[in-house]
């Protein structure tokens with residue numbers, strides 16, 4: 001279907017993926033202002049079931065799983081036992097004894113090994129990644145358009161909640177008001193066998209609202225405008241959640257004995273030497289990953305982890321780790337673009353306020 005729709009295909013995390021269809025900017029604007037559909041079937045899905053399912057997920061993730069209720073989703077991360085991050089992920093609570101973990105495609109094998117290595121109480125684990133497809137329908141018109149495909153009311157669903165329903169004539173579809181664009185919408189999970197039928201139905205239902213298929217490139221610019229971290233760019237096995245600005249998903253509450261808690265609690269109390277910060281260029285230029293971040297004297301103080309030309313703001317935006325001395329809002333830094341120091345300023349996220 002991607003080929004038929006004119007998708008420019010590239011290898012990604014072991015899959016053949018569409019990087020773009022019509023063009024990055026038009027796809028980006030479509031998702032921001034109307035609705036677009038992303039095929040994100042490459043993502044990983046692990047089921048965690050049994051009497052000790054809660055204990056395992058609570059121990060493995062930084063957020064407080066006890067705060068979840070049935071039908072609620074949580075963004076969180078796996079600390080790696082050394083202060084770094086194995087992966088960032090979503091936790092879906094079906095019941096006290098049943099959870100779904102949704103992980104990044106490039107980390108499926110690593111995450112599966114990590115969860116199994118820490119499963120000391122015989123919790124039932126199922127890697128459903130190879131049997132599960134997923135579409136992300138994102139944008140302000142997404143829920144309104146998708147309502148035509150189900151008899152259950154979905155237009156009033158709260159952010160980060162889910163339902164299991166009949167969708168496009170297919171039973172037991174997981175419908176979730178989550179996404180990676182900040183534009184609203186949903187993510188829909190179903191068995192591979194139903195993928196083509198559901199993809200076609202989504203495109204048909206979205207037609208009156210101006211739906212377009214969206215590729216990986218616009219997915220990246222959309223998430224960056226919101227300041228959402230990308231694993232492998234902004235976070236990895238050497239960056240801590242505190243350094244990455246993910247303190248909001250690192251809950252030092254009672255009865256949350258997660259991996260690395262003591263170390264991360266110390267970092268939060270004492271502060272960290274480097275922090276992931278957002279910046280906007282104040283002159284012309286496009287920041288790219290690995291470009292040097294410099295101080296006024298031209299000394300390298302960090303590097304860009306993610307950067308692009310914002311399709312909505314029409315200016316260069318990015319993120320990178322900088323020392324505490326250069327982390328305050330309004331601080332001037334410089335990005336080395338082709339041997340030229342381009343001025344930039346530390347700003348508050350999200351870049352795009354909508």
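In the condition set (1) in a helix (DSSP H, G or I); (2) in contact with a helix residue (DSSP H, G or I) (Cβ under 6 Å, 6 or more places away or on another chain); (3) farther than 26 Å from residue 31 by Cα, residue 206 is compliant with all but (3).
Only one entry in 171, 93 is out of contact with any strand residue (DSSP E or B) (no Cβ under 8 Å at 6 or more places or on another chain), in a strand (DSSP E or B) and modelled with pLDDT of 95 or more, namely 171.
Pick out the one residue from 340, 277 that is outside the structural domain of residue 31 (by TED's automatic domain parsing) and surrounded by fewer than 19 Cβ atoms within 10 Å (Cβ to Cβ).
On the way: 277 fails: surrounded by fewer than 19 Cβ atoms within 10 Å (Cβ to Cβ).
Result of the check over 340, 277: 340.
In the range 110-133, of all residues being closer than 18 Å to residue 176 by Cβ and touching a helix residue (DSSP H, G or I) at 6+ places or on another chain (Cβ under 9 Å), the one that is surrounded by the fewest Cβ atoms within 10 Å (Cβ to Cβ) corresponds to 131. For the range 146-182, which positions are touching a residue at least 40 places away in the same chain (Cβ under 8 Å), over 23 Å from the mean Cα position of the chain (by Cα) and crowded, with 16+ Cβ neighbours inside 10 Å? Residue satisfying the conditions is 149 alone. Within the bounds of the range 63-76, is there any residue that is closer than 21 Å to residue 113 by Cα, in a loop (DSSP other than H, G, I, E, B) and in contact with a strand residue (DSSP E or B) (Cβ under 7 Å, 6 or more places away or on another chain)? Within the range 63-76 (the criterion being closer than 21 Å to residue 113 by Cα, in a loop (DSSP other than H, G, I, E, B) and in contact with a strand residue (DSSP E or B) (Cβ under 7 Å, 6 or more places away or on another chain)), the answer is yes, since at least one residue qualifies.
Within the range 120-135, the set of residues being under 15 Å from residue 100 (Cα atoms) and outside any strand (DSSP E or B) comprises 123, 128, 129, 130, 131. Against the test of being within 24 Å of residue 88 (Cβ to Cβ) and in contact with a helix residue (DSSP H, G or I) (Cβ under 6 Å, 6 or more places away or on another chain), the options 317, 242, 249, 346 yield a single qualifying residue, 242.
Only one of (1) out of contact with any strand residue (DSSP E or B) (no Cβ under 6 Å at 6 or more places or on another chain); (2) closer than 21 Å to residue 212 by Cβ fails for residue 181. Which number is that? For residue 181, the exception is condition (1).
In the set (1) crowded, with 23+ Cβ neighbours inside 10 Å; (2) out of contact with any helix residue (DSSP H, G or I) (no Cβ under 9 Å at 6 or more places or on another chain); (3) under 19 Å from residue 187 (Cβ atoms), the condition left unmet by residue 90 is number (1). Scanning the range 187-203 for residues that are within 15 Å of residue 138 (Cβ to Cβ), assigned to a strand (DSSP E or B) and touching a helix residue (DSSP H, G or I) at 6+ places or on another chain (Cβ under 8 Å) gives a single hit, 188. Within the range 319-327, not a single residue is under 17 Å from residue 221 (Cα atoms), more than 25 Å from the chain's Cα centre (by Cα), touching a residue at least 12 places away in the same chain (Cβ under 8 Å) and surrounded by 15 or more Cβ atoms within 10 Å (Cβ to Cβ).
The values are calculated or read from the model by the stated rules, or taken from the named source; none is laboratory data. Fair warning: this is a prediction, and the values are worked out from it, not measured in the lab. With ideal geometry, Cβ positions are generated from the backbone for all residues, glycine too; neighbour counts draw on all protein chains shown.
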